[in-house]
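Read-outs: derived from the displayed coordinates by stated rules, not from any lab. Model, not experiment: these values are computed from the prediction. Ideal geometry is used to build each Cβ from the backbone, glycine not excepted, and the neighbour counts take in all protein chains shown.
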Amino acid sequence: MIDSQDSATQRILLLGGTTEASRLAQALAAARMDAVFSYAGRTDAPVAQPLPTRVGGFGGVDGLCQYLQAERITHVVDATHPFAAQMSSHAVQACARLGLPLLALERPAWQAQAGDHWQHVPDLASAVAALPTEPARVFLAIGRQHVQPFLDVGRHWFLLRLVDPGFELPAAQGAVVLDRGPFTLANDLALLRQHRITHVVAKNAGGLGAQAKLDAARALGCPVILIDRPAIPHRPTAGTVAQALQWLGVAPADTGVHAATDRGV
Ligand code: NAP
């Protein structure tokens with residue numbers, strides 16, 4: 001345990017938006033910890049949390065500092081997505097400014113296995129450039145806000161999997177399926193086969209909830225263009241919910257989370 005403050009005097013800000021964040025929220029609620037869950041507000045109907053929840057940006061580092069002070073937060077756990085680099089950087093800066101303990105809950109990056117055909121690229125622009133010269137049928141598993149540069153290439157057909165309705169593609173350009181993770185291998189195998197996918201583009205998010213598309217690509221011999229994680233300033237990091245609870249001084253017996261079953265989904 002890094003911090004020695006009694007858990008009875010803690011008030012935790014949990015920055016969410018991932019499956020891990022939701023699992024930590026369940027554990028904190030079960031242990032009756034004083035905690036606030038924070039969503040950016042990107043999806044229309046975010047997963048309901050068993051903690052008091054706020055939605056929307058804080059207003060940069062200054063706004064986050066004001067919030068932390070006004071809410072008398074004593075500990076921050078950043079369980080945002082590994083690609084939410086701006087929020088994570090703001091958390092590092094705000095906690096350093098106020099002298100607050102900060103922990104990142106971050107799942108390890110995916111590693112290639114035998115049978116994978118992965119091309120690692122450093123960013124979205126490189127992923128666009130890595131698309132084949134021949135027309136391809138691409139499962140573009142990156143979220144809707146970064147889709148346009150791929151569509152602009154023109155010669156490929158794209159399958160998008162989105163959480164919210166409202167984004168359509170002309171049939172000649174692609175298709176949209178609505179779904180929310182965690183995803184299964186059976187589902188993603190069927191999806192890739194149904195749409196005759198030849199290439200997958202994905203962010204190296206890590207974790208099990210979104211891994212099925214990579215397992216399906218391996219099974220089908222389908223090449224994957226995998227975008228590396230953005231750089232984030234150094235901060236203490238836990239790889240599992242159980243480790244995050246330990247850092248907070250919460251006994252696993254109070255939460256139902258045990259290291260042996262904490263798979264970091
Ligand atoms: P980002 O670029 O790092 O953040 C942009 C701004 O959104 C932040 O500066 C902050 O606004 C606000 N924000 C982000 N996360 C927040 C949170 N949990 N609570 C309150 N405000 C938050 O983040 P992003 O990549 O757009 O991701 C937004 C959210 O979606 C994150 O919570 C992330 O966990 C989730 N998500 C992202 C991805 C992805 O691929 N990027 C995938 C799945 C889920 P202010 O500066 O105004 O405070």
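By the count of neighbouring beta-carbon atoms within 10 Å, fewest first, 254, 215, 123 end up ordered 123, 254, 215. Using the empirical formula 2.2 N^0.38 Å as the baseline, the Cα radius of gyration of segment 118-227 reaches a ratio of 0.97.
Taking amide H atoms as placed 1.01 Å from N in the peptide plane, the amide H of residue 104 lies under 5 Å from those of 78, 237, 238, each 5 or more residues away in sequence or on another chain.
Taking every alpha-carbon pair under 8 Å whose residues sit at least 6 apart, segment 1-86 reaches a relative contact order of 40 percent.
Under the convention that each Lys and Arg Cβ holds +1 and each Asp and Glu Cβ holds -1, the size of the dipole of the chain around its Cα centre is about 320 debye. For the peptides 168-177, 72-81, residues were scored by their other Cβ atoms within 10 Å and the scores averaged per peptide; the highest-first order is 72-81, 168-177. Taking amide H positions as modeled 1.01 Å from N, with prolines and chain starts lacking one, the residues under 5 Å from residue 36 and 5 or more places away or on another chain are 12, 13, 14.
Counting pairs of Cα atoms in the chain, how many percent are more than 27 Å apart? Counting every Cα pair in the chain, those more than 27 Å apart make up 42 percent. Answer rounded, prolate or oblate for segment 162-265, using the Cα gyration tensor with square roots of eigenvalues a ≥ b ≥ c: rounded when a/c is under 1.5, else prolate when a/b is larger than b/c, else oblate. Prolate is the answer for segment 162-265, as a/c is 1.5 or above and a/b outweighs b/c. When the chain is described by a simple charge dipole with +1 on each Lys and Arg Cβ and -1 on each Asp and Glu Cβ, the residue from 232, 247, 108 located farthest towards its positive end is 108.
Relative contact order, whole percent, for the chain stands at 24, derived from Cα pairs under 8 Å and 6 or more residues apart. Panel order for 28, 14, by other beta carbons found within 10 Å of each beta carbon, from fewest to most: 14, 28.
Residue by residue, segment 198-205 carries 3J(HN,Hα) couplings of 9, 9, 10, 10, 8, 8, 7, 6 Hz when phi is fed to the Karplus relation 6.51 cos²θ - 1.76 cosθ + 1.60 (θ = phi - 60°); x denotes Gly or Pro.
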